[in-house]
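Take a look at the structure set out below.
No value in this document is a laboratory result; all are computed from the given coordinates. Everything quoted here is computed from the prediction, not taken from an experiment. Cβ: placed from backbone, ideal geometry, glycine included. Neighbour counts: every protein chain shown.
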Amino acid sequence: MRLLFCVFSGTGNTRYACERLAAKLQALGHETDTVAIRSDVPMPEIEGYDLLIVGYPVHAFNAPTSVLSFLKKLPEGKGMGAYLVRSSGEPSKLNDASGVTPARILKRKGYEVRGEFVYVMPYNIIFRHSDGMAARMAHALELRTDRDAVTLSEGKGERRKVNAVRRATAFVLRIEHPAMPLIGKTFHVNKKLCVGCGKCAKVCPCGNITMKDGHPKFGMHCVGCMGCSFSCPQDALRISVLNLWRVNGAYSYDAPPASDDEVCRYLHGMYVRYFHESEEIR
Ligand SMILES: Cc1cc2nc3c(=O)[nH]c(=O)nc-3n(C[C@H](O)[C@H](O)[C@H](O)COP(=O)(O)O)c2cc1C
């Protein structure tokens, strides 16, 4: 099969998860292409592909607005199969609501959404995990993508069930969508730290950052993906009301994976369950 991945990623998690999944699909004999969902990348042609795979991060229990806009502009699916792949910071079932609107849009466009794959990743904007947690998440990702590549190859998969309470909670939290461009407009740069390298502008998938007088200037198209803040080599960006939650820099995945006792206290039971479910795949 020829598979087309369309991927939105702010801090790189979803991109990395989709790369792992694509590598395993290739090992199963499939051909894969990947197109980034970015304002500076043209809409892909879907002619000649057998399946569409849409990757995105969970933002406030929803899909980022940039992803919804992208899906609305996709060519008609004419019955083509589709899968949703998402990464999240927490193994919460509330996140499943983030598949509802993308699936609805795809269905309206004539795609048949066959399944959803979910991966919990170590970056989040709330706190920094230990390297051991990051290593255990990476291990879980390997096990899950092994299984999911086979499921996808066989045309199987499941849609996540989302009850009315979770749908309603996610609906209310969509307030983040109109708020983000306003919050993003108030991001600013510490000019003493900024070296004007322009990495933030290059990374921004929404084209929201332009370089002016050697420093970034923020527009009104921010979706809050945090790509700019995460990728700044000088940690020079101040992300307004979200600044207390700023978590920069890469993890070392080489650490020994955290044991159950070492799993973070925050949502401890949910993380342990996610790891155990992943490890049972073997
Ligand atoms: C604005 C924002 C909102 C987020 N909301 C959620 C959320 O509701 N639930 C969750 O589990 N993770 C949430 N996260 C964490 C991301 O889903 C997670 O870090 C994801 O792996 C990021 O993927 P990316 O690196 O491809 O952008 C949020 C992150 C951001 C930046």
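So the values come out like this:
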read-out: The stretch 7-95: trypsin sites (Lys or Arg not before Pro) falling in loop per DSSP and having at most 11 other Cβ within 10 Å; value: LYS78
read-out: Kirkwood Rh, angstrom, the stretch 2-168 [1 / mean 1/r, Cα pairs]; value: 16.0
read-out: For the stretch 18-61: rounded, prolate or oblate by the Cα gyration tensor [a/c cutoff 1.5]; value: oblate
read-out: Within the stretch 8-49, GluC sites (Glu not before Pro) in DSSP loop having at most 12 other beta-carbon neighbours inside 10 Å; value: GLU45, GLU47
read-out: Net length gained if the chain between ARG246 and LYS72 were fully extended (0.36 nm per residue, minus Cα distance); value: 59.5 nm
read-out: Net charge of neighbours whose Cβ lies under 15 Å from the Cβ of ALA164, counting Lys and Arg as +1 and Asp and Glu as -1; value: +4
read-out: Relative exposure of ASP50, ASP148, judged by other C-beta atoms within 10 Å (fewest first); value: ASP50, ASP148
read-out: For the chain, cysteines whose Cβ has no other cysteine Cβ within reach (under 4.7 Å); value: CYS6, CYS18, CYS194, CYS197, CYS204, CYS206, CYS222, CYS225, CYS232, CYS264
read-out: Largest-first ellipsoid semi-axes for the chain, taking √(5λ) over the Cα gyration tensor eigenvalues, angstrom; value: 29, 24, 18
read-out: Extension gain from ALA164 to GLU176, taking 0.36 nm per residue of separation minus the Cα-Cα distance; value: 2.3 nm
read-out: 14 Å beta-carbon shell around LYS72, net charge (K/R +1, D/E -1); value: +4
read-out: Reachable lysines from LYS156, criterion Cα separation under 23 angstrom, eight or more residues apart if same chain; value: LYS24, LYS78, LYS93, LYS107, LYS109
read-out: D_trans [Stokes-Einstein, Kirkwood Rh over alpha-carbon pairs] for the stretch 115-261, 37 °C, 0.692 mPa s, µm² s⁻¹; value: 183
read-out: Pair ALA36, LYS93: separation of 7 Å Cα→Cβ label points (nm); value: 3.7
